[in-house]
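I have a structure here, written as C-alpha coordinates, and I will follow up with some questions on it.
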Amino acid sequence: MRRGFGPGLARWIRRGVAGAVLMALIVVGGTAVRVWQVARINDYTPADAIVVLGAAQYSGTPSSVFEARLDQAYDLFEAGVAPRVITVGGKQEGDLYTEAASGKNYLEDRGIPGDAILAVETGSDTLRSVEAVSDAMAEQGWSSVALVSDPWHSLRTRTMARDDGLRAWTAPTRTGPAVYTRESQAHGIFRETFALLWYQLTHFSADFPYTAGQ
(Lines give C-alpha, C1' and ligand atoms only; values in the text may rest on other atoms or scores of the structure.)
Protein backbone atom coordinates (compact mmCIF):
# COMPACT_ATOMS: atom_id res chain seq x y z
CA MET A 1 0.00 0.00 0.00
CA ARG A 2 2.84 2.37 0.85
CA ARG A 3 4.57 1.61 -2.45
CA GLY A 4 1.31 2.31 -4.33
CA PHE A 5 0.52 5.53 -2.47
CA GLY A 6 3.51 7.51 -3.77
CA PRO A 7 3.02 6.84 -7.50
CA GLY A 8 -0.74 7.38 -7.16
CA LEU A 9 -0.28 10.74 -5.50
CA ALA A 10 2.24 11.79 -8.14
CA ARG A 11 -0.24 10.92 -10.89
CA TRP A 12 -2.94 13.06 -9.26
CA ILE A 13 -0.52 15.95 -8.88
CA ARG A 14 0.48 15.69 -12.54
CA ARG A 15 -3.17 15.58 -13.58
CA GLY A 16 -3.98 18.57 -11.38
CA VAL A 17 -1.11 20.59 -12.81
CA ALA A 18 -2.05 19.63 -16.35
CA GLY A 19 -5.67 20.57 -15.70
CA ALA A 20 -4.68 23.93 -14.25
CA VAL A 21 -2.42 24.67 -17.21
CA LEU A 22 -5.20 23.69 -19.63
CA MET A 23 -7.72 25.93 -17.87
CA ALA A 24 -5.25 28.84 -17.89
CA LEU A 25 -4.69 28.38 -21.61
CA ILE A 26 -8.43 28.32 -22.25
CA VAL A 27 -8.96 31.52 -20.23
CA VAL A 28 -6.07 33.34 -21.88
CA GLY A 29 -7.00 32.12 -25.35
CA GLY A 30 -10.66 33.02 -24.89
CA THR A 31 -9.76 36.49 -23.66
CA ALA A 32 -7.42 37.03 -26.62
CA VAL A 33 -10.19 36.06 -29.03
CA ARG A 34 -12.57 38.47 -27.32
CA VAL A 35 -9.99 41.29 -27.52
CA TRP A 36 -9.67 40.59 -31.25
CA GLN A 37 -13.45 40.46 -31.76
CA VAL A 38 -14.17 43.77 -30.02
CA ALA A 39 -11.24 45.38 -31.84
CA ARG A 40 -13.14 44.82 -35.08
CA ILE A 41 -16.27 46.65 -33.89
CA ASN A 42 -17.04 50.14 -35.18
CA ASP A 43 -20.15 51.34 -33.35
CA TYR A 44 -21.40 54.71 -34.60
CA THR A 45 -24.44 54.76 -32.30
CA PRO A 46 -25.19 58.37 -31.22
CA ALA A 47 -23.77 59.23 -27.80
CA ASP A 48 -23.54 62.14 -25.39
CA ALA A 49 -19.82 62.42 -26.02
CA ILE A 50 -16.90 61.03 -27.97
CA VAL A 51 -14.10 60.19 -25.55
CA VAL A 52 -10.50 60.07 -26.78
CA LEU A 53 -8.11 58.13 -24.55
CA GLY A 54 -4.83 59.99 -24.17
CA ALA A 55 -1.40 58.90 -25.32
CA ALA A 56 2.05 60.44 -25.48
CA GLN A 57 2.49 64.07 -26.54
CA TYR A 58 5.63 66.10 -26.99
CA SER A 59 5.46 69.77 -25.97
CA GLY A 60 1.87 69.93 -27.14
CA THR A 61 2.32 67.87 -30.29
CA PRO A 62 0.46 64.53 -30.19
CA SER A 63 2.48 61.40 -30.88
CA SER A 64 1.48 59.37 -33.91
CA VAL A 65 -0.49 57.02 -31.65
CA PHE A 66 -2.40 59.92 -30.13
CA GLU A 67 -2.84 61.69 -33.47
CA ALA A 68 -4.50 58.61 -34.98
CA ARG A 69 -7.00 58.54 -32.10
CA LEU A 70 -7.72 62.27 -32.43
CA ASP A 71 -8.27 61.98 -36.18
CA GLN A 72 -10.80 59.23 -35.55
CA ALA A 73 -12.58 61.38 -32.98
CA TYR A 74 -12.71 64.21 -35.52
CA ASP A 75 -14.29 61.90 -38.10
CA LEU A 76 -16.88 60.73 -35.56
CA PHE A 77 -17.71 64.32 -34.61
CA GLU A 78 -18.11 65.27 -38.27
CA ALA A 79 -20.35 62.24 -38.76
CA GLY A 80 -22.64 63.51 -36.00
CA VAL A 81 -22.03 60.69 -33.55
CA ALA A 82 -21.95 63.16 -30.63
CA PRO A 83 -22.14 66.95 -30.17
CA ARG A 84 -18.93 67.08 -28.17
CA VAL A 85 -15.52 65.47 -27.74
CA ILE A 86 -13.82 64.75 -24.42
CA THR A 87 -10.04 64.52 -24.37
CA VAL A 88 -8.47 63.01 -21.27
CA GLY A 89 -5.02 62.56 -19.79
CA GLY A 90 -2.59 64.25 -17.44
CA LYS A 91 1.08 64.97 -17.97
CA GLN A 92 4.43 63.51 -17.04
CA GLU A 93 6.87 65.36 -14.84
CA GLY A 94 8.47 68.18 -16.83
CA ASP A 95 5.78 68.28 -19.52
CA LEU A 96 4.38 71.66 -20.49
CA TYR A 97 1.05 70.28 -21.69
CA THR A 98 -1.34 67.61 -20.52
CA GLU A 99 -2.46 64.95 -22.96
CA ALA A 100 -5.99 66.34 -22.71
CA ALA A 101 -4.88 69.91 -23.51
CA SER A 102 -2.70 68.90 -26.45
CA GLY A 103 -5.57 66.79 -27.79
CA LYS A 104 -8.01 69.69 -27.48
CA ASN A 105 -5.61 72.04 -29.25
CA TYR A 106 -5.15 69.54 -32.08
CA LEU A 107 -8.90 69.15 -32.59
CA GLU A 108 -9.45 72.90 -32.48
CA ASP A 109 -6.79 73.30 -35.17
CA ARG A 110 -8.73 70.81 -37.26
CA GLY A 111 -11.86 72.90 -36.94
CA ILE A 112 -13.89 71.57 -34.01
CA PRO A 113 -15.17 74.53 -31.93
CA GLY A 114 -13.47 74.90 -28.57
CA ASP A 115 -16.79 74.91 -26.71
CA ALA A 116 -17.52 71.46 -28.15
CA ILE A 117 -14.37 70.00 -26.57
CA LEU A 118 -13.97 69.21 -22.88
CA ALA A 119 -10.41 68.58 -21.71
CA VAL A 120 -10.24 66.40 -18.60
CA GLU A 121 -6.65 67.02 -17.60
CA THR A 122 -6.15 64.13 -15.19
CA GLY A 123 -5.45 60.46 -15.55
CA SER A 124 -2.12 58.69 -15.74
CA ASP A 125 -3.42 55.34 -16.98
CA THR A 126 -6.54 53.90 -18.58
CA LEU A 127 -8.45 53.25 -15.37
CA ARG A 128 -7.80 56.67 -13.83
CA SER A 129 -8.65 58.34 -17.13
CA VAL A 130 -11.94 56.48 -17.41
CA GLU A 131 -12.81 57.34 -13.81
CA ALA A 132 -11.98 61.03 -14.41
CA VAL A 133 -14.18 61.09 -17.53
CA SER A 134 -17.01 59.36 -15.68
CA ASP A 135 -16.90 61.97 -12.90
CA ALA A 136 -16.80 64.86 -15.39
CA MET A 137 -19.71 63.45 -17.35
CA ALA A 138 -21.78 62.87 -14.22
CA GLU A 139 -21.39 66.56 -13.36
CA GLN A 140 -22.85 67.45 -16.76
CA GLY A 141 -25.61 64.85 -16.72
CA TRP A 142 -24.08 62.87 -19.60
CA SER A 143 -24.03 59.09 -19.52
CA SER A 144 -23.25 57.59 -22.94
CA VAL A 145 -19.90 57.54 -24.71
CA ALA A 146 -18.29 56.44 -27.95
CA LEU A 147 -14.79 55.44 -26.91
CA VAL A 148 -11.85 56.09 -29.21
CA SER A 149 -8.54 54.32 -28.70
CA ASP A 150 -6.51 51.69 -30.51
CA PRO A 151 -8.45 48.60 -31.62
CA TRP A 152 -6.80 46.23 -29.15
CA HIS A 153 -7.44 48.67 -26.28
CA SER A 154 -11.17 48.76 -26.96
CA LEU A 155 -12.40 45.86 -24.84
CA ARG A 156 -10.51 46.87 -21.70
CA THR A 157 -11.56 50.51 -22.05
CA ARG A 158 -15.18 49.56 -22.64
CA THR A 159 -15.14 47.15 -19.69
CA MET A 160 -13.77 49.83 -17.36
CA ALA A 161 -16.26 52.44 -18.59
CA ARG A 162 -19.23 50.13 -18.11
CA ASP A 163 -17.97 49.12 -14.68
CA ASP A 164 -17.97 52.82 -13.81
CA GLY A 165 -21.60 53.20 -14.81
CA LEU A 166 -21.28 54.62 -18.32
CA ARG A 167 -23.16 53.34 -21.35
CA ALA A 168 -20.16 52.77 -23.55
CA TRP A 169 -19.33 51.41 -26.98
CA THR A 170 -16.27 51.62 -29.17
CA ALA A 171 -15.20 53.10 -32.52
CA PRO A 172 -11.42 52.67 -32.55
CA THR A 173 -8.89 54.16 -34.91
CA ARG A 174 -7.82 52.09 -37.92
CA THR A 175 -4.57 53.98 -38.50
CA GLY A 176 -1.36 54.55 -36.56
CA PRO A 177 1.42 52.36 -35.15
CA ALA A 178 -0.97 50.02 -33.37
CA VAL A 179 -2.20 48.64 -36.70
CA TYR A 180 0.76 49.21 -39.01
CA THR A 181 2.10 45.66 -39.06
CA ARG A 182 1.13 42.13 -38.11
CA GLU A 183 3.79 42.32 -35.42
CA SER A 184 2.30 45.43 -33.83
CA GLN A 185 -1.18 43.90 -33.99
CA ALA A 186 -0.01 40.67 -32.33
CA HIS A 187 1.83 42.66 -29.68
CA GLY A 188 -1.29 44.72 -29.00
CA ILE A 189 -3.53 41.68 -28.61
CA PHE A 190 -0.98 39.97 -26.33
CA ARG A 191 -0.54 43.08 -24.18
CA GLU A 192 -4.24 43.80 -23.86
CA THR A 193 -5.16 40.18 -23.11
CA PHE A 194 -3.03 40.14 -19.97
CA ALA A 195 -3.87 43.74 -19.03
CA LEU A 196 -7.59 42.89 -19.17
CA LEU A 197 -7.14 39.69 -17.16
CA TRP A 198 -5.18 41.65 -14.56
CA TYR A 199 -7.94 44.25 -14.34
CA GLN A 200 -10.65 41.62 -14.02
CA LEU A 201 -8.74 39.88 -11.23
CA THR A 202 -7.69 42.98 -9.28
CA HIS A 203 -9.66 45.97 -10.63
CA PHE A 204 -6.35 47.77 -10.93
CA SER A 205 -4.96 49.13 -14.17
CA ALA A 206 -2.05 47.58 -16.05
CA ASP A 207 -0.81 49.78 -18.86
CA PHE A 208 2.22 48.70 -20.86
CA PRO A 209 4.34 50.86 -23.19
CA TYR A 210 4.13 50.62 -26.96
CA THR A 211 6.97 49.05 -28.86
CA ALA A 212 5.71 50.38 -32.20
CA GLY A 213 7.15 53.69 -33.29
CA GLN A 214 5.18 56.63 -31.94
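The values are calculated or read from the model by the stated rules, or taken from the named source; none is laboratory data. In this text, all values refer to a predicted model and were calculated from it rather than measured experimentally. Side chains are part of the model used for accessible areas, which takes the heavy atoms of the whole protein and leaves out ligands, DNA and RNA. Shrake-Rupley method; radii C 1.70, N 1.55, O 1.52, S 1.80 Å.
How would 13, 41, 50 line up by accessible area, probe 1.4 Å, largest first?
Ranking 13, 41, 50 by accessible area, largest first, yields 13, 41, 50.
Let me ask something else about it. In square angstrom, what is the accessible area per residue of the chain with a 1.4 angstrom probe?
Per-residue value: 52 Å².
Here's a follow-up. What are the equivalent ellipsoid semi-axes of the range 17-167, built from the alpha-carbon gyration tensor (square roots of five times its eigenvalues), in whole angstrom, biggest first?
The equivalent ellipsoid of the range 17-167 has semi-axes of 29, 18, 15 Å.
Below 8 Å, C-alpha to C-alpha, sequence gap of six or more: please give me the relative contact order for the range 91-214 in percent.
19
Of all accessible surface on the range 69-124 at a 1.4 Å probe, what whole percent is carbon and sulfur?
Solvent-exposed carbon and sulfur of the range 69-124 make up 41 percent of the total.
Give the distance, in whole Å, between the Cα centre of the range 130-154 and the Cα centre of the range 39-104.
11
Using only Cα atoms, figure out Rg for the range 1-104 and give it as a multiple of 2.2 N^0.38 Å.
1.93
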